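The block underneath contains the structure these notes are about, expressed in C-alpha coordinates.
The values are calculated or read from the model by the stated rules, or taken from the named source; none is laboratory data. The model shown is predicted, which means the values in this text are computed figures rather than measured ones. Heads up, the Cβs are rebuilt from the backbone with ideal geometry, glycines too, and the neighbour counts pull from every protein chain shown.
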Amino acid sequence: MTEYIQALQKLLLQLTAAEQQDVVEYYREYLQEADITTYEAAVAELGTPQTVARKVLADYSIKMTEQPAGRQSTPAGTKANVKMIWLVILALLSTPVTIPLILVVGALVVAAGSVAFAGVVTVLALLVAGFAGGIVGVIVG
Amino acid sequence: VLGVLTRQDFYGYALTQEVRQRLPISESTLYPVLRRLKKNGWLTTYDEPFQGRNRRYYRLTRTGQAQLTVIRAEWGDFSQAVTTLLEGDQQDD
(Lines give C-alpha, C1' and ligand atoms only; values in the text may rest on other atoms or scores of the structure.)
Protein backbone atom coordinates (compact mmCIF):
# COMPACT_ATOMS: atom_id res chain seq x y z
CA MET A 1 0.00 0.00 0.00
CA THR A 2 2.90 2.33 0.81
CA GLU A 3 4.17 1.66 -2.69
CA TYR A 4 0.83 2.71 -4.15
CA ILE A 5 0.70 5.91 -2.10
CA GLN A 6 4.28 6.78 -3.03
CA ALA A 7 3.52 6.22 -6.71
CA LEU A 8 0.49 8.49 -6.37
CA GLN A 9 2.47 11.22 -4.64
CA LYS A 10 5.10 11.16 -7.40
CA LEU A 11 2.36 12.02 -9.89
CA LEU A 12 1.20 15.01 -7.87
CA LEU A 13 4.42 17.02 -7.82
CA GLN A 14 2.70 19.92 -9.57
CA LEU A 15 0.63 20.52 -6.49
CA THR A 16 1.90 22.30 -3.40
CA ALA A 17 3.27 20.20 -0.58
CA ALA A 18 0.13 20.82 1.50
CA GLU A 19 -2.16 19.78 -1.35
CA GLN A 20 -0.13 16.63 -2.00
CA GLN A 21 -0.31 15.82 1.69
CA ASP A 22 -4.07 16.25 1.70
CA VAL A 23 -4.59 13.95 -1.30
CA VAL A 24 -2.22 11.30 -0.02
CA GLU A 25 -3.77 11.32 3.45
CA TYR A 26 -7.25 10.91 2.02
CA TYR A 27 -6.34 7.86 -0.05
CA ARG A 28 -4.13 6.38 2.66
CA GLU A 29 -7.03 6.56 5.08
CA TYR A 30 -9.39 5.18 2.44
CA LEU A 31 -7.21 2.13 1.79
CA GLN A 32 -6.79 1.52 5.52
CA GLU A 33 -10.55 1.63 6.03
CA ALA A 34 -11.04 -0.73 3.11
CA ASP A 35 -8.49 -3.10 4.67
CA ILE A 36 -6.35 -2.99 1.59
CA THR A 37 -2.68 -3.76 2.09
CA THR A 38 -1.20 -4.67 -1.28
CA TYR A 39 -0.48 -2.58 -4.35
CA GLU A 40 -2.58 -4.91 -6.52
CA ALA A 41 -5.59 -4.70 -4.23
CA ALA A 42 -5.30 -0.91 -4.18
CA VAL A 43 -5.33 -0.83 -7.99
CA ALA A 44 -8.36 -3.13 -8.01
CA GLU A 45 -10.19 -0.78 -5.65
CA LEU A 46 -9.17 2.69 -6.85
CA GLY A 47 -7.59 2.14 -10.25
CA THR A 48 -3.95 2.78 -11.02
CA PRO A 49 -2.15 5.67 -9.31
CA GLN A 50 -2.22 7.35 -12.73
CA THR A 51 -6.02 7.20 -12.84
CA VAL A 52 -6.36 8.66 -9.38
CA ALA A 53 -3.77 11.36 -10.05
CA ARG A 54 -5.52 12.30 -13.29
CA LYS A 55 -8.81 12.77 -11.47
CA VAL A 56 -7.23 14.88 -8.77
CA LEU A 57 -5.24 17.01 -11.18
CA ALA A 58 -8.19 17.44 -13.52
CA ASP A 59 -9.94 19.00 -10.58
CA TYR A 60 -7.11 21.49 -10.28
CA SER A 61 -7.40 22.00 -14.07
CA ILE A 62 -3.76 21.22 -14.48
CA LYS A 63 -2.64 19.30 -17.47
CA MET A 64 -0.78 16.22 -16.40
CA THR A 65 2.36 15.36 -18.30
CA GLU A 66 2.81 11.72 -19.13
CA GLN A 67 6.24 11.57 -17.47
CA PRO A 68 5.88 10.11 -13.99
CA ALA A 69 8.21 12.77 -12.57
CA GLY A 70 6.15 15.65 -13.93
CA ARG A 71 7.59 19.10 -14.42
CA GLN A 72 7.44 21.41 -11.46
CA SER A 73 5.75 24.58 -12.59
CA THR A 74 5.59 27.76 -10.59
CA PRO A 75 2.24 28.28 -8.86
CA ALA A 76 1.86 31.73 -10.45
CA GLY A 77 2.38 30.34 -13.96
CA THR A 78 -0.04 27.51 -13.28
CA LYS A 79 -2.66 29.94 -12.04
CA ALA A 80 -2.30 32.10 -15.14
CA ASN A 81 -2.59 28.99 -17.31
CA VAL A 82 -5.71 27.86 -15.52
CA LYS A 83 -7.25 31.28 -15.96
CA MET A 84 -6.38 31.25 -19.65
CA ILE A 85 -7.88 27.78 -20.12
CA TRP A 86 -11.09 28.91 -18.46
CA LEU A 87 -11.23 32.02 -20.62
CA VAL A 88 -10.80 29.94 -23.77
CA ILE A 89 -13.48 27.49 -22.67
CA LEU A 90 -15.78 30.37 -21.79
CA ALA A 91 -15.17 32.02 -25.14
CA LEU A 92 -15.87 28.76 -26.98
CA LEU A 93 -19.00 28.00 -25.00
CA SER A 94 -20.36 31.49 -25.35
CA THR A 95 -19.96 31.73 -29.16
CA PRO A 96 -23.60 30.70 -29.74
CA VAL A 97 -24.50 33.77 -27.68
CA THR A 98 -21.76 36.24 -28.60
CA ILE A 99 -21.88 35.81 -32.40
CA PRO A 100 -25.61 36.62 -32.73
CA LEU A 101 -25.06 39.37 -30.18
CA ILE A 102 -22.34 40.94 -32.31
CA LEU A 103 -24.59 40.66 -35.37
CA VAL A 104 -27.48 42.33 -33.55
CA VAL A 105 -25.28 45.16 -32.24
CA GLY A 106 -23.84 45.64 -35.74
CA ALA A 107 -27.32 45.79 -37.25
CA LEU A 108 -28.40 48.32 -34.63
CA VAL A 109 -25.40 50.53 -35.39
CA VAL A 110 -26.21 50.41 -39.10
CA ALA A 111 -29.87 51.18 -38.41
CA ALA A 112 -28.99 54.08 -36.11
CA GLY A 113 -26.62 55.40 -38.76
CA SER A 114 -29.36 55.25 -41.40
CA VAL A 115 -31.82 57.08 -39.18
CA ALA A 116 -29.28 59.82 -38.42
CA PHE A 117 -28.42 60.17 -42.10
CA ALA A 118 -32.11 60.37 -43.04
CA GLY A 119 -32.62 63.06 -40.40
CA VAL A 120 -29.74 65.18 -41.69
CA VAL A 121 -30.97 64.85 -45.28
CA THR A 122 -34.49 65.86 -44.23
CA VAL A 123 -33.28 68.96 -42.40
CA LEU A 124 -31.15 69.97 -45.39
CA ALA A 125 -34.06 69.39 -47.75
CA LEU A 126 -36.34 71.52 -45.58
CA LEU A 127 -33.76 74.32 -45.49
CA VAL A 128 -33.31 74.19 -49.25
CA ALA A 129 -37.07 74.12 -49.76
CA GLY A 130 -37.50 77.05 -47.38
CA PHE A 131 -34.86 79.04 -49.19
CA ALA A 132 -36.30 78.20 -52.57
CA GLY A 133 -39.76 79.11 -51.36
CA GLY A 134 -38.44 82.40 -50.02
CA ILE A 135 -36.68 83.23 -53.28
CA VAL A 136 -39.74 82.33 -55.32
CA GLY A 137 -41.84 84.47 -52.98
CA VAL A 138 -39.49 87.41 -53.40
CA ILE A 139 -39.47 87.06 -57.20
CA VAL A 140 -43.23 86.63 -57.45
CA GLY A 141 -43.91 89.27 -54.88
CA VAL B 1 -23.00 14.41 -0.73
CA LEU B 2 -24.44 17.41 1.09
CA GLY B 3 -27.70 15.52 1.44
CA VAL B 4 -26.00 12.45 2.90
CA LEU B 5 -24.16 14.65 5.39
CA THR B 6 -27.41 16.08 6.78
CA ARG B 7 -28.01 12.76 8.54
CA GLN B 8 -24.62 12.50 10.23
CA ASP B 9 -20.92 13.21 9.79
CA PHE B 10 -19.03 10.68 7.70
CA TYR B 11 -15.39 9.85 7.06
CA GLY B 12 -14.17 9.42 3.48
CA TYR B 13 -14.52 5.67 3.11
CA ALA B 14 -17.94 5.42 4.75
CA LEU B 15 -19.20 8.38 2.75
CA THR B 16 -18.07 6.75 -0.49
CA GLN B 17 -19.89 3.54 0.45
CA GLU B 18 -22.98 5.54 1.34
CA VAL B 19 -23.10 7.37 -2.00
CA ARG B 20 -22.26 4.20 -3.90
CA GLN B 21 -25.37 2.52 -2.56
CA ARG B 22 -27.37 4.95 -4.68
CA LEU B 23 -25.14 6.04 -7.55
CA PRO B 24 -22.51 4.09 -9.50
CA ILE B 25 -19.57 6.36 -8.76
CA SER B 26 -16.07 4.93 -8.73
CA GLU B 27 -14.21 4.54 -5.46
CA SER B 28 -11.72 7.29 -6.17
CA THR B 29 -14.18 9.96 -7.34
CA LEU B 30 -15.16 11.55 -4.08
CA TYR B 31 -11.90 13.20 -3.12
CA PRO B 32 -12.11 16.06 -5.66
CA VAL B 33 -15.77 16.54 -4.78
CA LEU B 34 -15.07 16.82 -1.08
CA ARG B 35 -12.16 19.15 -1.70
CA ARG B 36 -14.36 21.54 -3.69
CA LEU B 37 -17.22 21.45 -1.20
CA LYS B 38 -14.74 22.25 1.54
CA LYS B 39 -13.18 25.05 -0.50
CA ASN B 40 -16.64 26.56 -0.95
CA GLY B 41 -17.10 26.44 2.81
CA TRP B 42 -20.04 24.05 2.58
CA LEU B 43 -18.40 21.46 4.77
CA THR B 44 -15.63 21.30 7.33
CA THR B 45 -13.39 18.47 8.42
CA TYR B 46 -12.14 17.26 11.75
CA ASP B 47 -9.92 14.36 12.66
CA GLU B 48 -10.87 11.75 15.17
CA PRO B 49 -8.47 9.08 16.40
CA PHE B 50 -9.42 5.55 15.46
CA GLN B 51 -7.23 2.52 16.21
CA GLY B 52 -4.04 4.52 16.45
CA ARG B 53 -4.63 6.64 13.37
CA ASN B 54 -6.99 9.38 12.32
CA ARG B 55 -10.27 9.33 10.55
CA ARG B 56 -11.09 12.59 8.80
CA TYR B 57 -14.76 13.36 9.24
CA TYR B 58 -16.77 15.67 7.04
CA ARG B 59 -19.48 17.85 8.51
CA LEU B 60 -22.03 20.07 6.81
CA THR B 61 -21.71 23.79 7.65
CA ARG B 62 -24.52 26.32 7.93
CA THR B 63 -23.59 27.66 4.50
CA GLY B 64 -23.66 24.11 3.20
CA GLN B 65 -27.10 23.61 4.67
CA ALA B 66 -28.33 26.81 3.00
CA GLN B 67 -26.74 25.74 -0.28
CA LEU B 68 -28.49 22.38 -0.04
CA THR B 69 -31.83 24.16 0.26
CA VAL B 70 -31.06 26.15 -2.88
CA ILE B 71 -29.97 23.02 -4.76
CA ARG B 72 -33.09 21.15 -3.70
CA ALA B 73 -35.33 23.95 -4.95
CA GLU B 74 -33.47 24.18 -8.26
CA TRP B 75 -33.55 20.43 -8.70
CA GLY B 76 -37.27 20.40 -7.94
CA ASP B 77 -38.00 22.95 -10.66
CA PHE B 78 -35.67 21.33 -13.13
CA SER B 79 -36.86 17.74 -12.65
CA GLN B 80 -40.48 18.92 -12.81
CA ALA B 81 -39.80 20.64 -16.13
CA VAL B 82 -38.03 17.59 -17.57
CA THR B 83 -40.79 15.27 -16.40
CA THR B 84 -43.40 17.46 -18.05
CA LEU B 85 -41.41 17.58 -21.28
CA LEU B 86 -40.80 13.83 -21.30
CA GLU B 87 -44.44 13.05 -20.77
CA GLY B 88 -45.27 15.28 -23.72
CA ASP B 89 -48.03 17.03 -21.80
CA GLN B 90 -49.77 19.79 -23.68
CA GLN B 91 -52.19 22.34 -22.30
CA ASP B 92 -54.48 22.44 -25.34
CA ASP B 93 -54.66 18.71 -25.98
Residues of the stretch A:27-46 being farther than 13 Å from B:Arg55 by Cα and more than 7 Å from every other protein chain (Cβ to nearest Cβ), which ones? A:Asp35, A:Ile36, A:Thr37, A:Thr38, A:Tyr39, A:Glu40, A:Ala41, A:Ala42, A:Val43, A:Ala44
Can you go through B:Arg56, B:Arg22, B:Arg72, B:Arg36 and tell me which one is over 12 Å from the mean Cα position of the chain (by Cα) and basic (Lys, Arg)? B:Arg56
The listed residue being at pLDDT 90 or above and within 12 Å of another protein chain (Cβ to nearest Cβ), out of A:Val24, A:Val56: A:Val24
Restricting to the stretch B:13-36, give me the number of residues that are more than 10 Å from chain A (Cβ to nearest Cβ) and among the acidic types (Asp, Glu). 1
Looking only at the stretch A:34-46, how many residues end up being of a type in the set (Asp, Glu) and over 38 Å from the mean Cα position of the chain (by Cα)? 2
Of all residues in the stretch A:1-49, which are surrounded by fewer than 15 Cβ atoms within 10 Å (Cβ to Cβ) and assigned to a helix (DSSP H, G or I)? A:Thr2, A:Glu3, A:Gln6, A:Lys10, A:Ala17, A:Ala18, A:Glu19, A:Gln21, A:Glu40, A:Ala44
Tally the residues that are assigned to a helix (DSSP H, G or I) and surrounded by 12 or more Cβ atoms within 10 Å (Cβ to Cβ), restricting the search to the stretch B:37-65. 5
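For every residue, the table says whether it meets (1) on the phi < 0 side of the Ramachandran plot; (2) modelled with pLDDT of 90 or more; (3) within 13 Å of chain A (Cβ to nearest Cβ).
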{"residue": "B:Gly41", "(1), (2), (3)": "no, yes, no"}
{"residue": "B:Tyr46", "(1), (2), (3)": "yes, yes, no"}
{"residue": "B:Phe50", "(1), (2), (3)": "yes, no, yes"}
{"residue": "B:Arg53", "(1), (2), (3)": "yes, no, yes"}
{"residue": "B:Arg56", "(1), (2), (3)": "yes, yes, yes"}
{"residue": "B:Gln67", "(1), (2), (3)": "yes, yes, no"}
{"residue": "B:Ala73", "(1), (2), (3)": "yes, yes, no"}
{"residue": "B:Gly76", "(1), (2), (3)": "yes, yes, no"}
